[in-house]
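Single-structure report; data block below.
Every number in this text was worked out from the coordinates using simple rules, so none of it is lab data. Note that this is a predicted model, so its numbers are computed, not measured. Reconstructed Cβ throughout: ideal geometry from the backbone, glycine too, with neighbour counts over all protein chains shown.
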Amino acid sequence: MKIIFLDIDGVLNHAWSNGNCNDRWESYLIARLNIITDMTQAKIVLSSTWRKGYSSMQALWDAFTKMGIKGDVIDRTPWGLHKKRNLKGANTMIPRGEEIQAWLDENNNLNIEKFIILDDESDMLHLSEHLIQTNYFDGGLHDCHMWECIRRLT
């Protein structure tokens, strides 16, 4: 199985996207994601902070379908890990790489042969070699990112 750990902001939208937070995914960026999943048969695991906004996987799948995403959305990374305490006792965000690793550890029975992380952030820690980094301020998922995803997943 091939997996795409998918962020939303900075990948499927960008700083100049129109609309409010719930409908500002760009159709041409979604089309690029659909090309990736069509050509590689990769499954999607949502790693974006958007994952906390859905009460169930069915709600998440419905939202993705409504936005035009054709690939199989099979899961989301765990949200419970999103905070930890720093030395001063304040909550800090857990690096996304830790959340992705937790998902990989929990799903080691899936026979994952390849995976990529499609994100505009760089906090992937030891998983950085799997990152294809987009840019929120540079238009999100470009053709060059799309082709790099396809290359790495095939």
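General observations
- Taking each DSSP H run with n ≥ 4 as -39500 (n - 2.57) and averaging over every residue of the chain yields -9500 deg cm²/dmol at 222 nm.
- Taking the DSSP beta bridges with both ends in the chain, the antiparallel portion is around 15 percent.
- Every pair of different Cα atoms in the chain enters the Kirkwood calculation, which places the hydrodynamic radius at 15.8 Å.
- The chain: most fluctuating residue of G53, G139, G68 per GNM, C-alpha cutoff 10 Å: G53
- Computed magnitude of the charge dipole of segment 2-153 (debye, nearest 20; Cβ of K, R +1, Cβ of D, E -1): 340
- Pairwise label distance in nanometres, K66 with N107, each label 7 Å out on the Cα-Cβ vector: 2.3
- Put in line by how crowded their Cβ is, counting other Cβ atoms within 10 Å and starting with the fewest, R32, R96 read R32, R96.
- Put in order of Cβ neighbour count within 10 Å, fewest first, the listed residues V11, V45 become V45, V11.
- Theoretical gain in end-to-end length, M1 to R24 [0.36 nm per residue, Cα-Cα removed]: 5.3 nm
- A cut-off of 5 Å between modelled amide H atoms, ignoring neighbours fewer than 5 places along the same chain, links K43 with K2, I3, I4.
- Dipole of the chain computed with +1 at Lys/Arg Cβ and -1 at Asp/Glu Cβ about the Cα centre; of I69, M93, C144, farthest Cα towards the positive end is M93.
- Coordinate range of the alpha-carbon atoms in segment 28-67 per principal axis, descending: 30, 18, 17 Å.
- Each residue in C149, C144 was given a count of other beta-carbon atoms within 10 angstrom of its own, and listing them fewest first yields C144, C149.
- Within the listed set D105, D62, D123, the Gaussian network model of the chain (springs between alpha-carbon atoms below 10 Å) gives the highest mean-square fluctuation for D105.
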